[in-house]
Amino acid sequence: MSRTPNPSVAADEQSIGDLAMASIGFVGGGGMASALIGGLVKQGVAAAQILVAEPVAAQRDMLRAQFSTGEQLRLHSDSSQMAAAEVVVLAVKPQILRQVAVDLRPYLAAQALVISIAAGIPIAALERWLGPRPIVRCMPNTAALVGHGAAGLFANAQCDAAQRQRAGAILGSVGLACWVESEDLLDLVTAVSGSGPAYFFRLAELVAASGAQMGLPAELAAALSVQTCLGAGVLARDSGQSLAELRRQVTSPGGTTAAALQRFADGGLAELVRRAMQDCAGRAAELAAEYGGD
């Protein structure tokens, strides 16, 4: 999938670099924008270099309070100030992206890099709405809110190496950012990591519920399930071993874990997961048709 298949190499290449001197704009000031702004500030980008266009006054107040120390964000009610931005992140829902992009177009600098995090909207649609320009489309996930996100990125032909690095640094400020070789692979990224947190939430929820039904106090079952999910994720990330090998190491033949995994296999878990992810990727493609038209 990735042009840099080793995530540690990707992280090195996506250093904050000249972003520390760049003016970065966000159209939309919701949760994902807030997470990215926080990641950039932690990486050394001054809050005063960041512009945010957010029409909801209460959301602007929340951002102002969240980043209230030191220099202040430049907060605006519309996108008319985005002409000053070298990079503009479109952080709005796909349902409204067309109108947002059309409204933004007159204010964009000619060579401003546009990064879209709206699910399902193809670059071809963004180019129609914004005109020919450097565009990166990406699929992040909600774990970016806690600095452990996973994102896939694809750049159009107008993006040069420096702009790709900037896009990678912005998404990499809140987790792992990997480039894909073709735009259609972003639908698969959606199925794996974009929607992926919900899969793990659901499994942890079911494990906790089953533990409670079997006799554990509900709060204890939930705490154990969440901590186990966290520990397994960190171990998988940091051990250097494959997922299959890690699973084998905790599965003694004829033991307790083997009994549970056999039940998963007998119930067709592998096929169920495959079909669920196909449904997810298919819905991502449908979003492009629904919201990416003229």
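Readers should treat all values here as calculations from the given coordinates under stated rules, not as data from a laboratory. Quick caveat: nothing in here was measured; it's all calculated off a predicted structure. So basically every Cβ, Gly included, is an ideal-geometry build from the backbone, and we count neighbours across all protein chains shown.
Values computed for the structure shown
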item	result
Residue satisfying condition, being touching a helix residue (DSSP H, G or I) at 6+ places or on another chain (Cβ under 9 Å), among the aromatic types (Phe, Trp, Tyr) and closer than 28 Å to ALA270 by Cα, within set TYR107, TYR199	TYR199
Residue selected from segment 266-294 under the condition surrounded by fewer than 11 Cβ atoms within 10 Å (Cβ to Cβ) and hydrophobic (A, V, I, L, M, F, W, C), by the criterion nearest to the chain's Cα centre (by Cα)	ALA289
Subset of segment 191-228 (residues that are surrounded by 13 or more Cβ atoms within 10 Å (Cβ to Cβ) and hydroxyl-bearing (Ser, Thr, Tyr))	SER193, SER195, TYR199, SER225, THR228
Meets criteria (surrounded by fewer than 22 Cβ atoms within 10 Å (Cβ to Cβ), in contact with a Gly (Cβ under 8 Å, 6 or more places away or on another chain) and assigned to a helix (DSSP H, G or I)) for ALA169	no
Number of the exception - LEU75 against (1) among the hydrophobic types (A, V, I, L, M, F, W, C); (2) touching a Pro at 6+ places or on another chain (Cβ under 9 Å); (3) over 21 Å from ARG164 (Cα atoms)	(2)
